[in-house]
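See below for the structure under consideration.
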Amino acid sequence: MIKETYSGLRNQKGSIRANTSDEFWTMMQEHGGWWSSEGVPLPTRTLKLEYSFERLLKAEFYEEEGNFPLHFLPYPSQLLYDGSLAHLPWLQEAPDALSTIMWGTWLEINPQTAARMGIAQGDLVEVSSADGKLQAPALLSPGISPEVVAMPVGQGHSQYTRYATSRGANPVKILHPLAEYETGSLAWAATRVKISRVGKGKLALFAGGMREHPHEHR
């Protein structure tokens with residue numbers, strides 16, 4: 001692309017003399033670029049992009065907000081990625097970079113949402129969509145929107161060595177199989193869920209909390 005763009009400068013006044021475009025390109029690389037005392041601008045090309053921004057900006061979700069009020073956001077684990085590394089005990093033992101959680105799965109909930117639903121840090125929470133349900137301990141995170149709950153992908157294997165089998169939960173299993181319009185890939189963030197407290201859960205945090213000095217978040 002760069003070579004094609006600069007080829008238009010070969011015949012410009014004050015340019016390096018070259019017989020062919022390839023020779024001109026080679027000489028430009030040897031000189032480290034192209035300059036001219038005439039101040040000739042680089043040739044530009046206008047591209048006509050035909051795209052429906054209305055389609056791009058229109059978000060589509062499965063199920064109505066009344067039955068499933070929260071947006072569910074699964075994301076790749078920073079350590080286990082998509083789960084293919086979950087069989088490695090040293091990665092299971094390594095604390096998550098932000099939450100410091102080890103050996104398990106968690107559900108990130110905004111503190112305001114959690115307080116409204118009577119959910120405390122470490123409580124076992126059931127997450128239900130129209131396609132299934134799962135359970136995970138709650139992690140109260142002030143960095144997440146009150147309308148969203150999130151869960152890392154990577155755990156919840158039914159059979160994957162002694163270190164990963166039946167450990168944590170797999171958020172992918174409750175996603176509705178909606179496809180993204182342009183690429184046809186799975187629409188990861190298009191599923192709505194509802195949550196409820198089940199009881200006490202187990203949450204192993206290396207640092208014991210996400211803040212050195214906890215305080216009320218507004």
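Since every read-out is calculated from the coordinates, none of them should be taken as a lab result. Since the structure is predicted, the reported quantities are computational estimates derived from the model, not experimental observations. When we count neighbours, we look across all protein chains shown, and the Cβ atoms used for this are built from the backbone with ideal geometry, even at glycine.
Here is how the numbers come out for the structure above:
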quantity	calculated
Rg/Rh for segment 58-200, where both radii come from Cα atoms and Rh is the Kirkwood radius	0.96
Difference of contour (0.36 nm per residue) and Cα-Cα distance, residue 85 to residue 67	2.9 nm
Relative exposure of 178, 9, judged by other C-beta atoms within 10 Å (fewest first)	178, 9
Amide H partners (placed H, <5 Å) of residue 157, local residues excluded	166, 167
Inter-label distance, nm, simple model (7 Å from Cα along the C-beta direction), residue 75/residue 185	1.6 nm
Gap separating the Cα centres of segment 78-145 and segment 146-208, nearest whole Å	8 Å
FRET efficiency for residue 131 and residue 2, using Cβ-Cβ distance with R0 set to 35 Å, rounded to 0.05	0.15
Pair residue 207, residue 148: separation of 7 Å Cα→Cβ label points (nm)	2.0 nm
